[in-house]
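Q: Below is one structure. I have some questions about it.
The values are calculated or read from the model by the stated rules, or taken from the named source; none is laboratory data. A quick note: this is a predicted structure, and the numbers were derived from the prediction, not measured. Cβ: placed from backbone, ideal geometry, glycine included. Neighbour counts: every protein chain shown.
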Amino acid sequence: MSEHIQHEGIVLSAEADKVRVRLVQSSACAECKAHAMCTSAEGREHEVVALTSEPMQAGDRVEVTETRSMGWTAVAVAYILPVVVLIGILAALSLNHVREEIAGTAALCAAGVYFIVLSLFRNRLENRFHFRARRID
């Protein structure tokens, strides 16, 4: 299994050390067994900001990479932790004999608060999660 996750893209704009890239769906996505679970295979266009050490300009074809561990961390932060919060609050309140509708509402509110806190730490997360881009010749 590869250490990096790679996607091909096209540079939309470039700054000194950053580029904004539109990811292009690969034809290999259709053959991948995990394509139903992967957000890059949904047919939507995705834009990411990637770091680069070489000069680029709009229209350049690039390969955008991220480490597999960074991908798993992103999955944990975006999907797994909110579900843990939701189920944890629901279970704790249910075990304390709180009415179901109140427990359910509180669990949903707790998940909402989780995402609000996550958005407050957006800059920190952007510094932790970064893509790298290199030009494809």
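Q: Cβ contacts < 9 Å: first residue free of Cβ contacts under 8 Å to residues at least 24 places away in the same chain, restricted to the stretch 66-79; second residue of a type in the set (D, E, K, R), any location; separation 6+ or different chain. Result?
A: Listed pairs, sorted by first residue: Ser69/Glu3.
Q: Next question. Criterion first (surrounded by fewer than 12 Cβ atoms within 10 Å (Cβ to Cβ) and modelled with pLDDT of 95 or more) does Ile116 satisfy it?
A: Spelling it out, Ile116 is indeed surrounded by fewer than 12 Cβ atoms within 10 Å (Cβ to Cβ) and modelled with pLDDT of 95 or more.
Q: Does Arg61 meet the test of being in contact with a strand residue (DSSP E or B) (Cβ under 9 Å, 6 or more places away or on another chain) and closer than 17 Å to Ile5 by Cβ?
A: Judged against the criteria, Arg61 is not a match.
Q: Do any residues in the stretch 109-121 that are part of a helix (DSSP H, G or I) have Cβ atoms under 7 Å from those of residues that are surrounded by fewer than 11 Cβ atoms within 10 Å (Cβ to Cβ) and hydroxyl-bearing (Ser, Thr, Tyr), where the two are at least six apart or on different chains, and which pairs are they?
A: If the second residue must be surrounded by fewer than 11 Cβ atoms within 10 Å (Cβ to Cβ) and hydroxyl-bearing (Ser, Thr, Tyr), no pairs are left.
Q: Sticking with this structure for a sec: Being exposed (fewer than 12 other Cβ atoms within 10 Å of the Cβ) and touching a Ser or Thr at 6+ places or on another chain (Cβ under 9 Å) is the filter here, so list the residues in the stretch 68-88 that pass it.
A: Correct list: empty.
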